[in-house]
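Here is the structure we will look at.
Every number in this text was worked out from the coordinates using simple rules, so none of it is lab data. Because the structure is a prediction, the values reported are computed rather than measured. Cβ: placed from backbone, ideal geometry, glycine included. Neighbour counts: every protein chain shown.
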Amino acid sequence: MTEQTLAEALTLTDDGEGGLTARLTSGFSNAPQSAPQERGAPFGGLMAALAAGAMRQGLGIETPLQSLTVQYLAAARFEDAVFTPTMDRGGRNVAYASVTGGQADRPAIQALGTWGRDVPGPVLTPLTASPIPVGDLDPTPLDPLFGP
């Protein structure tokens with residue numbers, strides 16, 4: 001079997017039932033280098049990228065991804081995995097989508113994505129409060145009954 005390229009690993013094909021299928025091979029395993037690749041599972045970064053790609057491709061989202069929250073439910077196996085995206089809320093400026101992925105008997109990942117246009121954000125400036133000089137602090141000690 002030939003090694004799978006990253007582009008091939010990130011390819012999602014429509015299964016005709018609302019899901020997108022990815023072919024997971026041991027070429028992108030999280031197993032230690034001293035162990036056979038089959039002893040691991042598909043690494044988390046690949047699974048997160050597939051989840052985001054499934055939302056974009058399956059729901060036709062064109063705006064940039066602003067945030068991605070991923071929950072890893074179980075280790076996926078090295079076989080086909082189905083990702084099922086859902087549009088939770090879509091609007092003119094922002095869209096919230098989610099996806100579940102894994103094998104039929106083993107959900108492996110659940111992710112939430114926020115998609116929206118790149119717009120200028122608020123200008124953030126540091127606070128300019130200056131500390132009280134040590135000489136101006138009250139020299140009275142605390143009440144000995146206060147505290148642990």
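Summary of computed values
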read-out: Per-residue HN-Hα couplings for the range 34-44 [Karplus 6.51, -1.76, 1.60; θ = phi - 60°; Hz; x = Gly/Pro]; value: 7, 9, x, 4, 5, 6, x, 9, x, 5, x
read-out: Per DSSP, loop trypsin sites (Lys or Arg not before Pro) in the range 44-123 with at most 15 further Cβ within 10 Å; value: Arg92, Arg117
read-out: The range 1-24-the range 125-148 distance, computed between alpha-carbon centres (Å); value: 61
read-out: 5 angstrom amide H check on Gln66, placed H, neighbours 5+ away; value: Thr114, Trp115, Gly116
read-out: Total charge dipole magnitude, the chain, about the Cα centre, Cβ charges on Lys, Arg, Asp, Glu only, Debye to nearest 20; value: 200
read-out: For Leu24, residues with placed amide H under 5 Å, excluding near neighbours; value: Glu79, Asp80, Ala81
read-out: Formal net charge of residues neighbouring Ala95 (Cβ-Cβ distance under 15 Å; K, R +1; D, E -1); value: +1
